[in-house]
Amino acid sequence: PSTLSFAEAAALPLTTITAWEALFTRLGINRAGGNRGDSILIIGGAGGVGSIAIQLAKLAGLVVIATASRPQSQAWARELGADHSVDYSDALIEEMAQIGHREVDFIANFNNTDAYW
């Protein structure tokens, strides 16, 4: 796209294929909408791969919850299509409950896997 610099455009293939593989190959999400209405928690939603995953998950019809700690990062995640953004630095389980999602159908973790599992 003409709105991207060469460096930004060069970064897209790696982040995009990583997000694609995570959602559609590893998690088995149906990209044609077969999981429409299911929910996904994207940990690291404001990061490079997470920001692409938000957009792909929305295109697949999922309810997207993304983690981000700063207000600017949370706004960014919502601009990309996240239905909710929650602060991962607080009590994540409580934040999820506050938005009505005690459980989710899928989790894509793009940040600090050991800390979350």
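Descriptive notes on the structure:
- Of residues in the range 69-113 being of a type in the set (A, V, I, L, M, F, W, C) and assigned to a loop (DSSP other than H, G, I, E, B), the one least open to solvent (accessible area, probe 1.4 Å): ALA82
Residue by residue, here is whether (1) over 11 Å from ALA108 (Cβ atoms); (2) free of Cβ contacts under 8 Å to residues at least 60 places away in the same chain; (3) among the aromatic types (Phe, Trp, Tyr) holds:
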position: PHE6; (1), (2), (3): yes, yes, yes
position: LEU23; (1), (2), (3): no, no, no
position: GLY28; (1), (2), (3): yes, yes, no
position: ASN35; (1), (2), (3): yes, no, no
position: ILE40; (1), (2), (3): no, no, no
position: GLY44; (1), (2), (3): no, no, no
position: SER51; (1), (2), (3): yes, yes, no
position: GLY61; (1), (2), (3): yes, yes, no
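- Any chance THR18 is in contact (Cβ under 8 Å) with a residue 24 or more places away in the chain, open to solvent by 20 Å² or more (accessible area, probe 1.4 Å) and outside any loop (DSSP other than H, G, I, E, B): yes
- Meets criteria (closer than 13 Å to ILE107 by Cα, touching a strand residue (DSSP E or B) at 6+ places or on another chain (Cβ under 9 Å), without any contact (Cβ under 8 Å) to a residue 60 or more places away in the chain and not in a helix (DSSP H, G or I)) for ALA57: no
- Count of residues meeting criterion [more than 10 Å from the chain's Cα centre (by Cα) and under 14 Å from ILE43 (Cβ atoms)] in the range 69-83: 3
- Of note, VAL49 satisfies the criterion of being part of a helix (DSSP H, G or I) and either open to solvent by 20 Å² or more (accessible area, probe 1.4 Å) or out of contact with any helix residue (DSSP H, G or I) (no Cβ under 9 Å at 6 or more places or on another chain) (or both).
- Residues of the range 16-57 satisfying the condition of being on the phi > 0 side of the Ramachandran plot and modelled with pLDDT under 95: GLY33, GLY37, GLY44
The values are calculated or read from the model by the stated rules, or taken from the named source; none is laboratory data. In this text the structure is predicted, and so the values were computed from the model without any measurement. Positions of Cβ are generated from backbone atoms using ideal geometry, with glycine treated the same way; all protein chains shown enter the neighbour counts. Areas reflect the complete protein model, heavy atoms only, side chains present, ligands, DNA and RNA absent. Shrake-Rupley method; radii C 1.70, N 1.55, O 1.52, S 1.80 Å.
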